[in-house]
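Chemist: Dropping a structure here in structure tokens format, bear with me for questions.
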């Protein structure tokens with residue numbers, strides 16, 4: 001076999017490898033695109049369902065629904081006493097009404113299998129009376145935000161309602177409490193807040209593939 005024949009053979013091998021790599025890359029790009037479209041459509045449909053269900057309650061609850069499908073409760077006077085994690089009576093009354101209807105939406109067959117996690121997130125301000133350092137402010141606020149998120153999760157999980165009881169196993173697999181302290185602090189008036197947020201499996205898959 002001549003050198004030119006060997007070079008031609010190697011070129012064909014490299015060409016085959018290059019084509020195979022390009023096909024693989026295009027397939028991965030298409031997969032990411034399909035998952036992203038699925039995530040976009042599911043998120044939009046869920047957002048519409050949440051607005052349809054809760055639009056008339058948001059003002060009285062001092063709550064908002066974001067484009068990312070977070071439901072934000074931001075009235076400090078309603079949620080908790082200052083520096084405390086026990087839920088106020090007014091917020092308990094809201095949760096009694098809200099959570100059952102919310103759970104019915106997220107466990108609807110259109111969304112249930114796509115839910116990666118149902119998160120309760122507690123947020124605080126970036127201050128703490130009599131704190132002597134930034135580290136102390138952060139740690140105290142982190143502890144408080146975690147305790148508040150847990151209090152809300154525990155209260156919702158323990159509701160004696162047929163919808164909650166029916167979905168307790170699902171909640172055990174997906175319901176999570178997260179203390180966020182003063183992360184994502186963009187509006188000081190809404191610093192002390194509680195958010196309910198749905199994380200979709202398609203969102204996690206897109207992030208994983210992009211990494």
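The values are calculated or read from the model by the stated rules, or taken from the named source; none is laboratory data. Remember, predicted model here, so these are calculated numbers, not experimental data. Ideal geometry is used to build each Cβ from the backbone, glycine not excepted, and the neighbour counts take in all protein chains shown.
Chemist: If you take the residues in segment 35-49 that are surrounded by fewer than 18 Cβ atoms within 10 Å (Cβ to Cβ) and over 14 Å from residue 106 (Cβ atoms), which one is modelled with the lowest pLDDT?
Modeler: Applying the filter and picking the extreme gives 36.
Chemist: Then there is this: How do the helices (runs of 4 or more DSSP H) wholly within segment 137-211 filter down when requiring 2 or more residues that are surrounded by fewer than 14 Cβ atoms within 10 Å (Cβ to Cβ) and modelled with pLDDT under 95: which remain?
Modeler: Those helices (runs of 4 or more DSSP H) span 201-210.
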